[in-house]
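**Q** My questions will all concern the structure given below.
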Amino acid sequence: MKAFKGLVVGLAVCSLVGIGALGCNTVKGAGKDIEKGGKGIQNAAENAQKGNEHPGPHTITAAAEPSGSISPSGDTSVSRGSNRTFTIRANRGYHIADVLVDGKSVGARSRYTFDNVTANHTISALFTVNPSR
């Protein structure tokens, strides 16, 4: 039964990543690899989890509310391992309330740098009205 469970996992990985990329040219060959304790499918699955199957480029999608701007905006292509800096500016009468990177707050800041990009990301700028004096 252990080999059967491994074969199912192996088939799922082959389906997702591509049989040729794994080196499991046939389902029968993949099953034999698992039965013999082979690491081919396991290694491919681990690489897929790490994102190693896509060397890039990656996309960083940047957006800002209408009361400010982010530059560059829209989709920016970034080579794997590169850095990319974004600049955030509030319009007159507003200030930066928060910056969200991949949906998580990184605080109200006017610049954010993605270091060593190895995946797609998002960055969003939020603004609020300045308090009246």
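No value in this document is a laboratory result; all are computed from the given coordinates. Worth saying up front: this structure is predicted, and the values here are computed from it rather than measured. Cβ placement follows ideal geometry from the backbone for every residue including glycine, while neighbour counts extend to all protein chains displayed.
**Q** Normalising by the residue count of segment 69-109, find the relative contact order in percent from Cα pairs under 8 Å and 6+ residues apart.
**A** Working: 35 pairs, mean separation 12.2, N = 41.
Relative contact order for segment 69-109 comes out at 30 percent.
**Q** Then there is this: Taking a label point 7 Å from the Cα of GLU65 along the Cα→Cβ vector, which residues of segment 88-104 have an amide N closer than 14 Å to it?
**A** 89-100
**Q** While we're on this one: What is the set of long-range amide H partners of THR118 at a cut-off below 5 Å, with H atoms built 1.01 Å from backbone N?
**A** It is GLY81, by chain and number.
**Q** Sticking with this one: Just how large is the dipole of segment 58-129 about the Cα centre, in debye to the nearest 20, putting +1 at every Lys and Arg Cβ and -1 at every Asp and Glu Cβ? Working shown, then result.
**A** Details: 7 positive and 5 negative charges, 39 e Å.
About 180 debye.
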